[in-house]
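Here is the structure we will look at.
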Amino acid sequence: MAEPKVKYDRQLRIWGDQGQAALEKSSICLLNCGPTGSETLKNLVLGGIGSITVVDGSKVEEGDLGNNFLVDESSLGKSKAKCVCSFLQELNDAVKAKFVEESPETLIETNPSFFSQFTLVVATQLVEYSMIKLDRICREANVILIFARSYGLTGFVRISVKEHDVIESKPEHFLDDLRLNNPWPELKRFADDIDLNVQDPVVHKHIPYVVILVKMADEWAKSHGGRLPSTREEKKEFKELLKAGMVAQDEDNYKEAIDSSFKVFAPRGISMELQQILNDSAAEVDSNSSDFWVLVAALKDFIANEGGGEAPLEGSIPDMTSSTEQYVNLQNIYHAKAEADFLVIERVARGILKKIGRDSNSIPRSTIKSFCKNARKLKVCRYRLIEDEFNAPNLPDLQKYLTDEDSSIAMGIYILLRAADRFSANYNSFPGQFDSAMDEDIPRLKSTAIGLLNDLGCNGATLAEDLINEMCRFGAAELHAVAALVGGIASQEVIKLITKQFVPMSGTYIFNGIDHKSQLLSL
């Protein structure tokens, strides 16, 4: 067996040892191991998930051979859960695998406590009634739940968890934390000791752009009543001053300063999003608060006091044109400030823990350090109960989605997937499941969908006839290509949720394979 660091080398570069450790400690339950469920679990098994439990009471039939790669002809007539488990273990023998030969719907009804043992449940191909019941069960047990479904050329993925906090959100584009517009004393002293008018051209072209911008911003503020450039004209003028400081055309450090001048123009202090987290009622902590909210409380105290309105410094600087000596010295200044900020927050956090009657050392230093490094990028995700969304969606958004050209098809698919479940409850089959009933099923599905829209408060709303016809033509079939895509999306969200890295999607993901489009609906 390959060493984990070799086996998982590529993914370790994305979510690191800490993320991989979280995956390996987790326990995943899959409900229904058709193509959608099997594709979801396959991705997680290859990623090194700790253990899996597959729940499915059906036997492998001939139809399964054409859309599920985790069964073959030798599987016919055998337990689907057992066969899929066996094939998955061949993909990664480090993963512990179990199976339960029982209908997920029966398990939801008769043994709700079964689900409390898992980190996360992936529920595939469930109808609305079972989704609502399972969601309540998982909420009460504090178990993360992901719904996934493929239906013909359409599909959806929906996360359900009361709250999910992300420290390492890893946004693609985020402003470097250099504090060029609000330098602390040590950085200002370092910049003050460097002469921008030095005569040696080699020295001049190796002054770090951070120093250039700190000094020029300071000069600007002195001549503008303490203000930094804010208007378009002032920003243009500031850039011209930077250009005027160049003594040769090949000075890359000044070009970097001009390109990075927008960092001086950025507003001081913290973002509105971070302020909302600080103002959240959960930041008023007690003995039941999570480690995340204890650290948010410490952060709030830091920003109000030692931080002077700023979050703790991240402590890293980008590559830049500079002499080695000045770059290392600058790096050390940033590191020292970040370490000092961390020590303050650690002290405050441990004091809060003691105050609320918990072990003051219960939060590891590594967690506090990561929190400080990512304090500007914190995310808090909260999800409605699926029952609340189904029974009382946000009506203005629902109506907007139905009438907007860019979202009407995705919203139509959402409504028709729900209408298909109502249809099934009324007629004991899904629309179009039997060719002989197709002509009857189309008007029945249309009537059911219109009834659902009326129940949701969208009286008079209609859906495209072509879309209704297509949904009937699908006959509730799971196509492997669609299942692979939906399963890929679902497994990606599982990894985000378990590693607590990257931001999971915040609405209902709708896949429209008819037009090759995807959309998130927030209802």
Quiz item: So between Asn394 and Asp406, what do we pick up on full extension, going 0.36 nm a residue minus the alpha carbon distance?
Solution: 2.5 nm
Quiz item: Nearest-5 percent of antiparallel DSSP beta bridges in the chain?
Solution: 50 percent
Quiz item: When only the heavy atoms of the protein chains count and the probe is 1.4 Å, how do Ile363, Ile495 rank by accessible area, highest first?
Solution: Ile495, Ile363
Quiz item: If you rank Thr110, Thr321 by how much accessible surface each has, with a 1.4 Å probe, what is the order from largest down?
Solution: Thr110, Thr321
Self-check item: Partners for Lys255 among lysines (Cα-Cα distance below 23 Å; same-chain residues under 8 apart left out)
Solution: Lys188, Lys205, Lys215, Lys235, Lys236, Lys239, Lys243, Lys263
Self-check item: Residue-wise HN-Hα coupling along segment 481-498, computed from phi with Karplus coefficients 6.51, -1.76, 1.60 (Hz; x: Gly, Pro)
Solution: 4, 5, 4, 5, 5, 4, x, x, 5, 4, 5, 4, 5, 4, 5, 4, 5, 6
Quiz item: Under a straight-distance cross-link criterion of Cα-Cα below 16 Å, which lysines are reachable from Lys59, leaving out those fewer than 8 residues away in the same chain?
Solution: Lys78, Lys80, Lys82
Exercise. Note down the magnitude of the dipole of the chain about its Cα centre, charges +1 on Lys and Arg C-beta and -1 on Asp and Glu C-beta and zero elsewhere, to the nearest 20 debye.
Key: 1260 debye
Quiz item: Ordering Thr124, Thr231 by how much accessible area each has at a 1.4 Å probe, largest first, what is the list?
Solution: Thr231, Thr124
Quiz item: Out of segment 129-195, which GluC sites (Glu not before Pro) are coil in DSSP terms and have no more than 14 other C-beta atoms within 10 Å?
Solution: Glu172
Self-check item: Per-residue SASA entry for His204, accessible area with 1.4 Å probe, Å² rounded to 10
Solution: 0 Å²
Quiz item: Quick one: putting +1 on the C-beta of Lys and Arg, -1 on the C-beta of Asp and Glu, what dipole do you get for segment 293-405 around its Cα centre, in Debye to the nearest 20?
Solution: 620 debye
Self-check item: Cβ charges +1 (Lys, Arg) and -1 (Asp, Glu), total dipole of segment 290-345, debye
Solution: 60 debye
Self-check item: Under 16 Å from Lys355, Cα to Cα: aspartates and glutamates that are on another chain or at least 8 residues apart
Solution: Glu284, Asp286, Asp291, Asp301, Glu346
Exercise. With 18 Å as the limit, write out which pairs from Lys162/Lys400; Lys162/Lys354; Lys496/Lys517; Lys300/Lys373; Lys162/Lys300 have Cα-Cα distances beyond it, or answer none.
Key: Lys162/Lys400; Lys162/Lys354; Lys496/Lys517; Lys162/Lys300
Practice problem: Could you go through segment 82-91 in sequence order and give the Karplus-derived ³J(HN,Hα) for each residue, using 6.51 cos²θ - 1.76 cosθ + 1.60 with θ = phi - 60°, rounded to whole Hz, and x for Gly and Pro? | Solution: 5, 5, 5, 4, 4, 5, 5, 5, 5, 6
Quiz item: Between Phe69 and Asn142, what length in nm is gained on full extension when 0.36 nm per residue of separation is reduced by their alpha carbon distance?
Solution: 23.0 nm
Quiz prompt | GluC sites (Glu not before Pro) within segment 53-121: DSSP coil, no more than 14 neighbouring Cβ in 10 Å | solution = Glu61, Glu101
Quiz item: For labels at Ser51 and Tyr427 in the simple 7 Å Cα→Cβ model, what's the distance in nm?
Solution: 4.4 nm
Practice problem: Have a look at Ile144, Thr40, Ala21 and report the one farthest towards the positive end of the charge dipole of segment 1-157, computed about the Cα centre with Cβ charges (Lys/Arg +1, Asp/Glu -1). | Solution: Ala21
Quiz item: If you compute log10 I(q)/I(0) by the Debye sum over Cα atoms at q = 0.06, 0.07, 0.12 Å⁻¹ for the structure shown, which of [x] -0.40, -0.53, -1.12; [y] -0.33, -0.45, -1.21; [z] -0.45, -0.58, -1.16 do you land on?
Solution: [x]
Self-check item: Value of relative contact order over the chain, rounded to a whole percent, pairs C-alpha under 8 Å and six or more apart
Solution: 20 percent
Practice problem: Please work out the average accessible area per residue across segment 380-452, using the 1.4 Å probe convention, and give it in Å². | Solution: 50 Å²
Exercise. Could you point to the residue in Met246, His206, Ile258 farthest towards the positive end of segment 185-264's charge dipole, with +1 and -1 charges on the Cβ of Lys/Arg and Asp/Glu respectively?
Key: Ile258
Quiz prompt | Cβ-based charge dipole, the chain, positive-most Cα from Leu31, Leu479, Ser79 | solution = Leu31
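The values are calculated or read from the model by the stated rules, or taken from the named source; none is laboratory data. In this text, all values refer to a predicted model and were calculated from it rather than measured experimentally. Cβ atoms come from the backbone with ideal geometry, glycine included; neighbour counts cover every protein chain shown. These accessible areas exclude ligands, DNA and RNA; they are computed on the full protein's heavy atoms, side chains included. Shrake-Rupley method; radii C 1.70, N 1.55, O 1.52, S 1.80 Å.
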